[in-house]
Every structure is written in structure tokens, then in C-alpha cells.
Amino acid sequence: MKIMDFLSKDALKADIKAVKKEDVLRELVEVLIDSGEIEKKYRNKLVEQLMAREALGSTAIGQGVGIPHTKSECINKLVASFGLSQKGVDFDSLDGEKVYIFFLLIAPVDSAGPHLKALARISRLLKDKYFRDSLRECNDEKSILKIILQEDEKKI
């Protein structure tokens, strides 16, 4: 599975302004709305569902990475947005560190397989220090896209 199978090239944000968890989620959902991947009317419901998932345990997995995700009846295909925070966000990370790299993933309610494959793919990629560092150095969406596309070209 390639990242670009579920991440729209228009759903990238190089400079997340939010400094609180819920605001980050709102900003990343807004990126999906702006990219045309989800409808504006679902904004609040999706943020609520993402916050409910966070209440079960933080999706910040450490090393500056967060993968907030949920399943929702608001969509009918797997979608994702990507965001970079230049300052870092306190996201209740497992290692206590701030989060700089965010992959927000939303899956249809009935899509366990693709949802888990996407989470596994993102997690595997973000374990790579070089990949994380390369993303952290990006200043714009174009450079983020280039790095993700290069990674997608590699054999999985």
C-alpha cells in the first residue's frame, strides 16, 4: 500500500498553527475539507470522533510523531491529511516529547483491513529516522509531497 493511495496531494500542511490537541485535529480535518476529501458539514463530528479515540489512549507514538485516526460513517473511502508543526505540540506522547509530524487518518466504519494496513504503513515509514528528519526539514507542501512520493517509489 502506498501513502498516496489514501493521502491527497492537496491534503498537506507545512505549518500547523495549533498548539492544543483538539485544535490540531480541527486544523487537520480542515485540510481534508479544503482538499475536497470530506464535506464541511462533517467537521465537528469528525473532530469529536478523533477526540473520542484520543480519550482511549494517545495516538502520539513517540519520536515526534502523531497518527490520530478514527473510523467514521461520514466518509466512504480511506482518507488522510498530513501536517507539520514547526514548534511542536504537547499531544500526550508516549515518550513525553512534543509532536511535530502528524498523519491524520479517517477510515469508513466497515474498512478494518485498509485502515490497519494504512496505519502499519505510516508507522513503518515514520520509524525511519532519516524519513522523519527529512519531513521535519520541509518548509512547504511541495517538499513534503516530494519526500512522500520518493518513499512511495521504494519497494515495500
With an 8 Å Cα cut-off and a minimum separation of 6 or more residues, compute the relative contact order for region 3-149 in percent. 28
Pick the calculated Cα Rg over 2.2 N^0.38 Å for this structure from (1) 1.25; (2) 1.20; (3) 0.93? (3)
What is the calculated FRET efficiency for residue 56 to residue 5, with r their C-beta to C-beta distance and R₀ = 22 Å, to the nearest 0.05? 0.25
Two pseudo-spin positions, 7 Å from Cα along C-beta at residue 87 and at residue 117, lie apart in nanometres by 3.9
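For the ranges 11-24, 36-49, what's the packing order if you count other beta-carbon atoms within 10 Å of each residue, average per peptide, and put the highest first?
Details: 11-24: 17.4, 36-49: 15.5.
Top to bottom by mean Cβ count within 10 Å: 11-24, 36-49.
If the limit is 21 Å between Cα atoms, which of 71/117; 17/117; 20/146; 41/77 go over it? Each step should come with its number before you reach the end.
Values: 71/117 14 Å; 17/117 29 Å; 20/146 28 Å; 41/77 17 Å.
Beyond 21 Å between Cα atoms: 17/117; 20/146.
What dipole magnitude, in Debye to the nearest 20, does the chain give about its Cα centre under +1 on Lys/Arg Cβ and -1 on Asp/Glu Cβ? Intermediate results must be reported in sequence, preceding the final value.
Details: 27 positive and 26 negative charges, 56 e Å.
Once rounded to the nearest 20, the dipole reads 260 debye.
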Contour minus end-to-end for residue 136 and residue 43, with contour as 0.36 nm per residue of separation and end-to-end as the Cα-Cα distance? 30.8 nm
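Of the beta bridges DSSP finds with both residues in the chain, what % are antiparallel, to the nearest 5?
Numbers: 9 of 18 bridges.
Beta bridges within the chain, antiparallel portion: roughly 50 percent.
A short reminder: the numbers here are calculations on the coordinates, not readings from a lab. Just so it is clear, the structure is predicted and the values come from calculations on it, not from any experiment. Neighbour counts are summed over all protein chains in view; Cβ atoms, including those assigned to glycine, are modelled from backbone coordinates with ideal geometry.
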